[in-house]
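Engineer: Sharing a structure, written as structure tokens. Questions coming.
Laboratory data are not the source of any read-out in this text; all were calculated from the coordinates shown. Source: prediction; values computed, not measured. Cβ sites come from the backbone with ideal geometry, for glycine too, and all protein chains shown count toward neighbours.
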Amino acid sequence: MMGNELQGDFIKFLGTGGARVVVSRQVRASAGAWLRLSGVNLYLDPGPGALVKCWKSRPPLNPSLLDGIIITHRHLDHAGDLNALTEAMTEAGFKKRGSVFLPSDALGEEPVLFRYLRPLVERLEVLEAGKSYKVKNLVFTTPVRHLHAVETYGLLLPLPWGRIAWIADTLYFPELIDYYRSDLLILNVPLLEPRAPGKIQHLFLADARVLIREIRPKVAVLTHFGMTMLRARPWVLAERLSDETGVRVLAAQDGMTLSLPELLQ
Ligand SMILES: [Zn+2]
């Protein structure tokens, strides 16, 4: 069987695109990421294409190995494939297994998870600010509610070898620095420059610079790129950020795998 054995810890970016234009045109894939940490398999933000990207990945990633799916917020580019992936996690609905974590408004008036799928998962958990969640022997925290159009959280994952922080979509606010102190810092940076200030609630490149400089992780990774970032070539921007901050900064690419904790050594 393909994709039935995974070894070592890693973060694999199955998609590194963000925002509407990039997602609609699939300039970059919008599939989110597979995290295997302390042997626990989690899927973060399965946007459109996530299920296909799992199976087309080399080697294939079998979604029935997932222990959980986390949705940082209900926007399409983060939750578009949640139903497809949930059904795949439960072995096409034949086995009650796995967890789904999502903010309360993702189950609200216009839910992003079909009702018929909910009894198929072992655990459906609503994310809240300041709370920690345990999946097998892995713990993650959603430290603070972000400033975004809908209820949104980032992740903090304390591991035996260090901390991982993933800052999902948000407008910059200075408290992010203390909430996301980490050794590996992953940032969703859709925008090169601020546009329509106050209206588009996203990080832009200068925000990423401040966060990296202040948090000083061992490695920082930029992802979730919109058109303005892609036109400016993220790998060039990442190299410039490395020079400016003294921190090793990488630009994620579709299919890129971070082997952990080797990356930080
Ligand atoms: Zn969003």
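Engineer: Quick one: in segment 132-265, what % of C-alpha pairs are over 22 Å apart?
Structural biologist: Here the long-distance tail beyond 22 Å is 34 percent of all Cα pairs in segment 132-265.
Engineer: Per-residue HN-Hα couplings for segment 127-143, Karplus 6.51 cos²θ - 1.76 cosθ + 1.60 at θ = phi - 60°, whole Hz, x for Gly and Pro?
Structural biologist: Result, ordered by residue: 6, 9, 5, x, 9, 10, 10, 10, 10, 6, 9, 10, 10, 9, 10, 10, x Hz.
Engineer: Related question: Starting from segment 18-119, pick out the trypsin sites (Lys or Arg not before Pro) whose DSSP state is loop and whose Cβ has at most 16 other Cβ atoms within 10 Å.
Structural biologist: Counting only loop positions with at most 16 other Cβ atoms within 10 Å, the trypsin sites (Lys or Arg not before Pro) in segment 18-119 are LYS95, LYS96, ARG97.
Engineer: List, in the order given, every pair from LYS56/LYS131; LYS56/LYS95; LYS96/LYS218 whose Cα-Cα distance in the structure shown is over 30 Å.
Structural biologist: Too far apart for the 30 Å limit: LYS56/LYS131; LYS96/LYS218.
Engineer: Now, a different point. Leaving out same-chain residues fewer than 8 places away, which aspartates and glutamates sit with a Cα under 12 Å from that of LYS134?
Structural biologist: Those aspartates and glutamates meeting the cut-off are ASP67, GLU125.
Engineer: Can you pull the Rg over Rh of the chain, Cα-only, Kirkwood?
Structural biologist: 0.94
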